Amino acid sequence: MDNQSRRKFMRNSLIAIAALPLGASLLSQRAFAQELTPLDPSAPQAQALHYVKVAAEASDNASYKEGSKCSGCMFFQEANNGCQLFPQSSVEPEGWCQSWVQKA
Ligand code: SF4
């Protein structure tokens, strides 16, 4: 291996080593995201916000707006069906709670 090849190899190796923590972080976030358990509507936090798995079931709630559902909410995270208000759980894209705010 000549000096130029050795330098190129060392530079690429250092770049790869520097990128390892970023890759590991992304992988662990993805793994964590897949571990979210579906939000139980009977859980106290869910009941406090009147969460339902099917938005139409909330039609008698004064805060409900026709057509509103989790998938259109600013707190919804499409990547894992997560919700910023229930960080340990996933929510139903067709669900709803009274904290619904239209996605921008
Ligand atoms: S805050 Fe939005 S995404 Fe979360 S449960 Fe309520 S309506 Fe669904």
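The values are calculated or read from the model by the stated rules, or taken from the named source; none is laboratory data. Quick caveat, the model's predicted, so the values are computed rather than measured. Because the Cβ atoms are built from the backbone with ideal geometry, glycine has one as well, and the counts that use them run over all protein chains shown.
Brief remarks follow.
- Close pairs from region 80-92: first within 14 Å of VAL52 (Cα to Cα), partner at pLDDT 95 or above and of a type in the set (Lys, Arg), Cβ under 8 Å, at least 6 apart: GLU92/LYS53
- Among the residues of region 33-47, those identified as surrounded by fewer than 12 Cβ atoms within 10 Å (Cβ to Cβ) and at pLDDT 95 or above are THR37, SER42, PRO44.
- Selection status of VAL91, among the β-branched types (Val, Ile, Thr), at pLDDT 95 or above, within 8 Å of the ligand (Cβ to nearest atom) and closer than 16 Å to PRO38 by Cβ: yes
- Single unsatisfied condition, HIS50 versus (1) in a loop (DSSP other than H, G, I, E, B); (2) away from the ligand (no atom under 11 Å from the Cβ): (2)
Quick grid of which residues meet (1) at pLDDT 95 or above; (2) among the polar types (S, T, N, Q):
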| site | (1), (2) |
| --- | --- |
| ALA31 | no, no |
| VAL52 | yes, no |
| GLU57 | yes, no |
| SER63 | yes, yes |
| CYS83 | yes, no |
